[in-house]
């Protein structure tokens, strides 16, 4: 059995993985060797950020399981992988605390006009201007998965009215007023002061927030994207910000990424952009390795894997779908 890794592990993580499956050969491929090493892998854990010939890997027939080290699965869920019998599990929920915290940071920074005051501080200017409030705002969460649910918990402390949509609208938390199916997004858009995106990227969500969707949003509302850049049509967003229909946007992800220097978004004072750092945490690799090792044990015992993608076309594990999710109690 050969396990190929492509995420920033240290020796302690490799030892943890080896202890979970002692008979396996563990290869730390890194980004520089992953495209080649995948042809010799039985199990792959990581997130390849370099081009990979997934079609040839699938045709070879050796790879049996992909454990993504990211919640977003667009890096590996190409049609050939989706159509294959390769088992796929995601890291959904592993970094939900961090991404939700980052969401709160950007939302409060924007509503309290912190970028304006930071710029003034650099110029040694004492200025005052009206600010907006996150307190008691109506927030729409698109995608009530691990991150969306954690964000809702944090927003509840701000006494927000929380509305949400999800492809599988089950297990509504008490602090969420309404949880609607995904097709009711048009009903949610005109109701919210802030729209926060936490949906996966797939064929049905790409450009889901386009000119038509933005037109349904309240004039003066705020758009937040913490999921994947292509959920939002870039040019339509720029147009809505220029017209004033949207009061602003905060985003940890862009399309493309990095955002080209020519994009008008960089120069807009009502936009906050961070470089896809929402999931950063000192212990994130420890948590990812814990998930992988737990799944390695379950794989050997033929138990349902944590965050198993029963429908790879969706790009995320189904809540209530029969397999455990990260954060839910399960043994081992």
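Every number in this text was worked out from the coordinates using simple rules, so none of it is lab data. Here the structure is a predicted model, which means the values were calculated and not measured. Don't worry about glycine lacking a Cβ; one is built from the backbone with ideal geometry, like all the others, and counts go over all protein chains shown.
For segment 96-273, compute the orientation-averaged projected area of the C-alpha convex hull (one quarter of its surface), in nm².
10.2
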Task: Peptide ranges 70-82, 21-33, 199-211 listed from the most packed, as the mean C-beta count within 10 angstrom indicates - done: 70-82, 199-211, 21-33
Task: residue 177 paired with residue 85, simple spin-label distance in nm, labels 7 Å along Cα-to-beta-carbon - done: 5.0
- [ ] Compute the long axis of helix 146-156 from its Cα atoms, compare it with the longest principal axis of the Cα atoms of the chain, and write down the angle in degrees, 0 to 90, nearest 10.
- [x] 30
- [ ] Note the angle between two axes, namely the Cα long axis of helix 234-243 and the longest principal axis of the Cα atoms of the chain, as a number of degrees from 0 to 90, rounded to the nearest 10.
- [x] 10
Task: Helix axis angle, 11-20 relative to the chain longest principal axis, alpha carbon, degrees - done: 60
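Within a 10 angstrom radius of the beta carbon, how do 184, 301 rank from fewest other beta carbons to most? List each step's numbers first, then the result.
Details: 184 14, 301 8.
Ranking 184, 301 by Cβ neighbours within 10 Å, fewest first, gives 301, 184.
Could you work out the relative contact order of segment 77-189? I mean the mean sequence separation of Cα pairs under 8 Å and 6+ apart, divided by the number of residues, in percent.
Once normalised by length, the contact order is 22 percent.
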Open item on the list: Restricting to bridges with both residues inside segment 96-273, how much of the DSSP beta-bridge set is antiparallel, in percent to the nearest 5?
Closed with: 0
Task: For segment 262-291 and segment 158-237, distance of Cα centres in Å - done: 19
Task: Convex hull volume of segment 15-88 per residue (C-alpha atoms, cubic angstrom) - done: 94
Task: Per residue Cα convex hull volume in Å³ - calculated over the chain - done: 146
TODO: Work out Dmax and Rg for segment 180-255 from the C-alpha atoms and quote the Rg first, both in angstrom.
DONE: 11.2, 31
TODO: Report the relative contact order of the chain, percent, no decimals, based on alpha-carbon pairs under 8 angstrom and at least 6 residues apart.
DONE: 17
Task: For segment 1-41, diffusion coefficient by Stokes-Einstein and Kirkwood Rh (Cα), 37 °C, 0.692 mPa s, µm²/s - done: 318
TODO: State, as an integer percentage, the relative contact order of segment 24-93 based on alpha-carbon contacts under 8 Å between residues 6 or more apart.
DONE: 30
Task: Ratio of the Cα radius of gyration of segment 212-332 to 2.2 N^0.38 Å, where N counts its residues - done: 1.42
Open item on the list: If you restrict to DSSP beta bridges whose two residues both lie in the chain, what percentage is antiparallel, to the nearest 5?
Closed with: 0
Task: Value at 222 nm in deg cm²/dmol, rounded to 500, when DSSP H runs of n ≥ 4 in the chain each add -39,500 (n - 2.57) - done: -9000 deg cm²/dmol
